[in-house]
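Contents: one structure, followed by commentary.
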Amino acid sequence: MVEKNLSLMNHLVGRFLRPLIADVAVVAKCHLSMLYAHEKGRLFAQLVDLLQFYEGFEINDHSGTQLSDDDVLQAHYSRFQAFQLLAFKQVPKLRDLALCNIGSIHKRADLTKKLLVLSDMELQDLVCNKLKIISEKDPWTERRDFLIEVLVAFFEKRQSQKDAVNALPLYPNEQIMWDESLVPSINYSGEGCLALPKLNLQFLTLHDYLLRNFNLFRLESTYEIREDIQEAVPHLHAYINNEGDTSFRGWSRMAVPIKEFRITQVKQPNIGEVKPSAVTADVTFSISSYRPQIKSEWDALKEHDVLFLLSICPSFEPLSPEEAAKSTVSERLGLQYVRGCEVIEIRDEEGGLMNDYTGRVKRDEWKSPKGEIRTVKIALDTAQYHIDATELAEKGAENVYGTFNIIMRRKPKENNFKAILESIRDLMNETCVVPEWLHNIFLGYGNPSAAQWINMPDLLETIDFKDTFLDASHVVQSFPAFQVTFINTDGTENMHPSPPFRIKLSKKMREISHALPGNVNASDTASKNNMVDDEGSQKEKLRVETYIPADPVPYPQDKPNQNSVRFTPTQVGAIISGIQPGLTMVVGPPGTGKTDTAVQILNVLYHNCPSQRTLIITHSNQALNDLFEKIMQRDVPARYLLRLGQGEQELATDLDFSRQGRVNAMLVRRLELLGEVAKLARSLHLPEDVSYTCENAAYFWLLHVYARWEQFLAACVPNKENPSFVKDRFPFSEFFLDTPQPVFTGESFEKDMHAAKGCFKHLSTIFQELEECRAFELLKSTAERANYLMTKQAKIVAMTCTHAALKRRDFLQLGFKYDNLLMEESAQILEIETFIPTLLQRQEDGYARLKRCILIGDHHQLPPVVKNMAFQKYSHMDQSLFTRFVRLGVPYIELNAQGRARPSIAQLYNWRYRELGDLPYVHEEAIFHKANSGFSYEYQLVDVPDYRGRGESAPSPWFYQNEGEAEYIVSVYIYMRLIGYPANKISILTTYNGQKLLIRDVISRRCKPWNIEPPCKVTTVDKFQGQQNDFILLSLVRTRFVGHLRDVRRLIVAMSRARLGLYVFCRRSLFEQCYELQPTFQLLLQRPDKLALNLEECTPSTERPLGEAGNIHYITDVEDIGHLVNFRLEHLRQMQSMQYYAPHANADAAPPETGNGDIVLDNAKDGTEKENGEATDAVNNDKMEEDTVESKDDMVQEVNKMDEGNVTIEDKMGEESADEAKDKMVETTAEVAIENNIVEVNASVAKDKMDEENAVSKGVEQD
């Protein structure tokens, strides 16, 4: 019942339910129940506390608006003052209470003491008759403790929600960490209730939204930290030594014993606070026992990194199995206390400052750290320190800070929770101003389409589409509901139109906005959009203006980059919506050009609103780089682009788009432009000192350049009939003598005048850029220049959602401003990580500056990653803002034509979308009409039987593997490489991390001896979302339960990664019975479930048309494909040996070339074999090691993937083991693989030598 009431209170209906709950005093009765105080009633107590919180939620029940702190305080004083007045008049015994200052008695203890003077009858009369808080018919009114509890709860001053959040430590401690009702374990099945907030479709206020996200994000971070501690601590092997102290026999990669811990400073509290303003300490530890790689990881610690201090005291005697089963995790680990801290600085053994990014030590003066002792200066959590100090003083508790003996670190990418929690807390302490047009929709109320552009004011009436349309026919195709006519700028009809085009929005265009409400079918909308009679008389005319842009001559580099994508009508609708004010939501199924659409929105928006600034947010660095690289290829100057965050280093460009890189580029560009100014001055026979500074150049522009241009224009007016006038009188002709082609012909005044305007545009651009460089000339420090670039210069700023949350304080401090927000991959971003980027700037006069919010994503693919099952299933934490808007019925535009995959492959997943068709490209290009060489079908489900008597296995809990599928897939991969398929065109995907590691091991064992390059990617389906490749080999692993592929969103991702070939390896009898997967598997099972090969094709290309199977050879099982591959490898070895020992061969001969994917098997000479083998091993080891580093991140995600229908333990995914355990497992696996390789290589080498000797002896005999 408590949970049901709590669920109702979380919605708008809670405003009507609150008086009812208060009238019957539900919370007070729960507080007095025996279960509330019982140790087994902890969950009940937490639920009651949560109910009490929402009963007193700071909201106006009539208007639904958030109450400010002043409003809440004033209401409290008014209520208490009325109580005092009543007590003074009608209750003589409370005269003392009536005359007291409110501040002295409104605390619970003081108020309770004052009420004790009343008898039971007087209390009952006061509560039931005078105050009328409770009905006298309520049987609980007979209890004195109940009446006092009701009075105290009604009149006491409650801690404000803001103060409660500010008093919370941001780092988790040992108490919350192992509280199963707050941080449930991975075994949560979805049954039962929890004392957790939920992310619903609607929220009471913005404060309610932030508070729920704060609590959930804090608990999710706690769960991740708890898992890391449980991984690291056991490897330390703690024990009690002879002196009775804790010592450690083992070692851990992420945790190291502390040599000395010392608190160095506790600052006085700030005014109005009780906790210290800062607490710092020094921690000393040694890294002498680590190998160099791990030492470098510890030496990489820097400012703002988060560490954890652990106090470990194991039991003197090891726990028996019975005791271990009954004990808690913390008891088994011997873990007493956990406290978080933040690095301020780190010093080496000689006191040298390491990794200083504050400027105290210049980068070129950095030195290698000395010795192996490190001292870290840390900042402790002041709220937690105050709690600990209070308990020490009042209750005589143990001094926590004298017990720490371990310091633990975490991976940097997983350790950004503190900054995000601080950002959320800062938002709660501020007056959040969400744009008025977005506010109600964000909370889940009102008209879902209110923020759609057709309902917004201040629209762009005329849009310059620039290079959006490739030609006039493209315009006509993009507006099928209109009769398109082309006009010139003077209003006359243009019979030979060419881009660019301007279009004035008509009333009808607003009505057919291509946006689909959540409950409207696309076909219905399309039919309404195309309602015309037979003669087309109902079509409204759309007047499209053509214009001639300023000629970019005389230099080729001035020519702007042009778009080459032929956008579909739906994409054009998305572009129109995106550049208009309001909320635009674009659903982009796989391969439909989401990124191209986003880039064109940015391009057109930049040219139509050049003074506005746009912020780009994505979930991953890869998606951000893909988007940014395409923007660089459009007509947006590079000086207006800025990429923030670590991922900038991975951009595929020679230019540096980081803040420092852009500053350097601007300084270099300044010198280049000043050189051009000097050249112009020489051409005008003026002194070159005008090019000394940007300021001098600005005066030069006004006095000499622009003045001459105005004189020239005035002289042209009476000489328009003279065709050679421009050529003869143009004042800057000498400057443009170095153009590739002559600028003026002297044959036409109009043509030469157009060229002259182009030349003047070139000059004006030079001086405009110089004016923008002027600030970098005046600002002297690098930091000032970088900040100016970010806040003033850049028009398009790109970053990940994580970077936005981490740096929000810095953005606010610098005065960062932006007008438009475009968010890619928004269906993969957590709610709060979507909300924070909308508030990276301070409001102006109480109004939000944000004008446009463009969300692009696909809610039919995988949601945000939440590692704890309880937070995912119970609290809906994996709900993205994009998905919530779709569920609320906010109109969206769904792109409806894919250009990634063969149409036949697209049918495997297009059933999930409304009307997903194909672009003409996939029907016209020859590559999509040819079959895959060596395969009879372009896609196929391959039934894999038990291999060596078993199917799936789990070497450790939830670590699923299938050896048969791994061997089968690697054999097919080798087969493809022998035909000649490039390795970078093949990716191997699987649904489980255990299988991913197994496949990598099999590749290492079977491909290395033959010098076969590993595939482009061996990863999980989840990690491969957003990527594609020509050929995908997919392993589904499970043979007993369907597993987390039952989630249709994961199936859609898996089926949509391939362009030309998709081969699925699984257990047919299991997956064909899964109801959720039927639409896809029914198509797959229309073809044979035995791998069908065409062995006659031995080259990577074939002329066999798609749909023609050719001579089919069916593979029966894993051994069959293994024999085929081994036969071909041996045949290839023999062919190369024969070429190597040919009579004309000599010692200097180059290795023989093969037509088999550049596979060269050099086994003739031991030295050559060894050299090549070592080189390839090094490459493969590097690649496999890089991939293995990601395994923990991937594997933790599997924890959250389980069957919707099966809640058995076998059908859940688990966490990966500790880093050390993982390393040990990988190392053990690698050792086994190496031993196997040695045996195989030795055997093959011995066989090769015997074959070679026989061949030589036969050759001698023949000679």
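For the stretch 366-408, the candidate set comprises residues that are among the aromatic types (Phe, Trp, Tyr) and in contact with a helix residue (DSSP H, G or I) (Cβ under 9 Å, 6 or more places away or on another chain); within that set, the residue that is farthest from LYS259 (Cα to Cα) is TYR385. Screening ALA966 on (1) more than 34 Å from the chain's Cα centre (by Cα); (2) closer than 22 Å to ILE1115 by Cα; (3) crowded, with 19+ Cβ neighbours inside 10 Å shows it passes everything except condition (1).
Every listed requirement among (1) under 19 Å from VAL329 (Cβ atoms); (2) surrounded by 22 or more Cβ atoms within 10 Å (Cβ to Cβ) is met by SER185 save one, (2). Inspect the stretch 678-688 for any residue being farther than 20 Å from LEU770 by Cβ and loosely packed, with under 15 Cβ neighbours inside 10 Å and give the result as yes or no. Looking for residues that are farther than 20 Å from LEU770 by Cβ and loosely packed, with under 15 Cβ neighbours inside 10 Å, one finds at least one in the stretch 678-688, hence yes. Tell me, which residue of the stretch 693-718 that is hydroxyl-bearing (Ser, Thr, Tyr) and surrounded by 14 or more Cβ atoms within 10 Å (Cβ to Cβ) is farthest from ASP752 (Cα to Cα)? Ranking the qualifying residues of the stretch 693-718, first place goes to THR693.
Scanning the stretch 117-148 for residues that are of a type in the set (Ser, Thr, Tyr) and surrounded by 15 or more Cβ atoms within 10 Å (Cβ to Cβ) gives a single hit, THR141. In this structure, GLU535 does not satisfy being over 43 Å from the mean Cα position of the chain (by Cα), of a type in the set (Asp, Glu) and at pLDDT 55 or above.
For the stretch 384-413, a tally of residues being within 36 Å of the chain's Cα centre (by Cα) and aromatic (Phe, Trp, Tyr) returns 2. In the stretch 29-51, the residues that are free of Cβ contacts under 8 Å to residues at least 60 places away in the same chain reach residues that are of a type outside the set (Lys, Arg) and surrounded by fewer than 15 Cβ atoms within 10 Å (Cβ to Cβ) with C-beta atoms within less than 7 angstrom, at least six apart or across chains, in these pairs: GLY41/LEU35; PHE44/LEU35.
On the basis of being part of a loop (DSSP other than H, G, I, E, B) and in the same structural domain as LEU839 (by TED's automatic domain parsing), does GLN622 make the cut? So GLN622 does not fit the description; no. Scanning the stretch 380-438 for residues that are more than 30 Å from ILE854 (Cα to Cα), in contact (Cβ under 8 Å) with a residue 12 or more places away in the chain, among the charged types (D, E, K, R) and part of a helix (DSSP H, G or I) yields a single hit, ASP388. Only one of the numbered conditions (1) in contact (Cβ under 8 Å) with a residue 12 or more places away in the chain; (2) surrounded by 14 or more Cβ atoms within 10 Å (Cβ to Cβ) is not met by GLU180, and that is (1).
In contact with a strand residue (DSSP E or B) (Cβ under 9 Å, 6 or more places away or on another chain), part of a helix (DSSP H, G or I), touching a residue at least 40 places away in the same chain (Cβ under 8 Å) and surrounded by 15 or more Cβ atoms within 10 Å (Cβ to Cβ) - does that describe any residue in the stretch 778-791? Yes: one or more hits. If you go through the stretch 794-813 and pick out every residue that is in contact with a Lys or Arg (Cβ under 8 Å, 6 or more places away or on another chain) and either surrounded by fewer than 21 Cβ atoms within 10 Å (Cβ to Cβ) or basic (Lys, Arg) (or both), you end up with 2. Every condition in (1) assigned to a strand (DSSP E or B); (2) under 30 Å from LEU67 (Cβ atoms) is met by GLU260 except one, and the failing one is (2). Residues that are in contact with a Phe, Trp or Tyr (Cβ under 6 Å, 6 or more places away or on another chain) and either assigned to a loop (DSSP other than H, G, I, E, B) or more than 16 Å from PRO569 (Cα to Cα) (or both) within the stretch 470-503 comprise THR489, ASN494, PRO497, PRO499, listed in sequence order.
Restricting attention to the stretch 28-66, the residues that are assigned to a helix (DSSP H, G or I) and not acidic (Asp, Glu) add up to 22. If you go through the stretch 128-162 and keep only what is assigned to a helix (DSSP H, G or I) and either among the aromatic types (Phe, Trp, Tyr) or more than 15 Å from LYS29 (Cα to Cα) (or both), you end up with CYS128, ASN129, LYS130, TRP140, PHE146, PHE154, PHE155, GLN161, LYS162. Cβ-Cβ distance below 6 Å, separation of 6 or more or different chains: which pairs start in the stretch 684-700 with a residue that is over 19 Å from SER733 (Cβ atoms) and end on one that is among the hydroxyl-bearing types (Ser, Thr, Tyr) and surrounded by fewer than 15 Cβ atoms within 10 Å (Cβ to Cβ)? Partner pairs satisfying both residue conditions: none exist. Among helices (runs of 4 or more DSSP H) lying entirely in the stretch 693-749, which contain 3 or more residues that are over 54 Å from the mean Cα position of the chain (by Cα) and in the same structural domain as ARG774 (by TED's automatic domain parsing)? Answer list for the stretch 693-749: 706-716, 725-729. Can you confirm whether GLY578 is touching a Ser or Thr at 6+ places or on another chain (Cβ under 6 Å) and either under 24 Å from LYS559 (Cβ atoms) or buried (at least 24 other Cβ atoms within 10 Å of the Cβ) (or both)? Yes; evaluated as a whole, the condition is true for this residue. Each residue in the stretch 1023-1043 was checked for being at pLDDT below 90 and buried (at least 23 other Cβ atoms within 10 Å of the Cβ), and 1 pass.
Contact map, the stretch 440-462: residues that are in a strand (DSSP E or B) paired with residues that are surrounded by fewer than 16 Cβ atoms within 10 Å (Cβ to Cβ), Cβ distance under 6 Å, separation 6+ or inter-chain. Pairs shown: THR462/LYS504.
Among residues of the stretch 1044-1084 being β-branched (Val, Ile, Thr) and over 27 Å from the mean Cα position of the chain (by Cα), the one that is surrounded by the most Cβ atoms within 10 Å (Cβ to Cβ) is VAL1064. Scanning the stretch 304-353 for residues that are farther than 19 Å from ASP228 by Cα, surrounded by 15 or more Cβ atoms within 10 Å (Cβ to Cβ) and of a type in the set (Gly, Ala, Ser) turns up just one, GLY352. Is at least one residue of the stretch 100-115 of a type in the set (S, T, N, Q), modelled with pLDDT of 90 or more and assigned to a helix (DSSP H, G or I)? Checked against the condition, which is being of a type in the set (S, T, N, Q), modelled with pLDDT of 90 or more and assigned to a helix (DSSP H, G or I), the stretch 100-115 yields at least one hit. One residue alone among VAL604, VAL636 is among the β-branched types (Val, Ile, Thr), within 28 Å of LEU839 (Cβ to Cβ) and not in a loop (DSSP other than H, G, I, E, B), and that residue is VAL604. In the stretch 264-278, the residues that are free of Cβ contacts under 8 Å to residues at least 60 places away in the same chain and assigned by TED's automatic domain parsing to the domain that holds ALA389 form Cβ pairs under 8 Å with partners that are surrounded by 10 or more Cβ atoms within 10 Å (Cβ to Cβ) and of a type outside the set (Ser, Thr, Tyr), at six or more places apart or across chains, as follows: GLN265/ALA278; GLN265/VAL279; LYS267/PRO276; LYS267/ALA278; LYS267/VAL279; GLN268/PRO276; PRO269/LYS275; PRO269/PRO276. Each residue in the stretch 544-562 was checked for being surrounded by 21 or more Cβ atoms within 10 Å (Cβ to Cβ) and modelled with pLDDT of 90 or more, and 1 pass.
The values are calculated or read from the model by the stated rules, or taken from the named source; none is laboratory data. Keep in mind the model is a prediction, meaning the values are calculated, not measured. Using ideal geometry, Cβ is built from the backbone for each residue, glycine included, and neighbour counts are taken over all protein chains shown.
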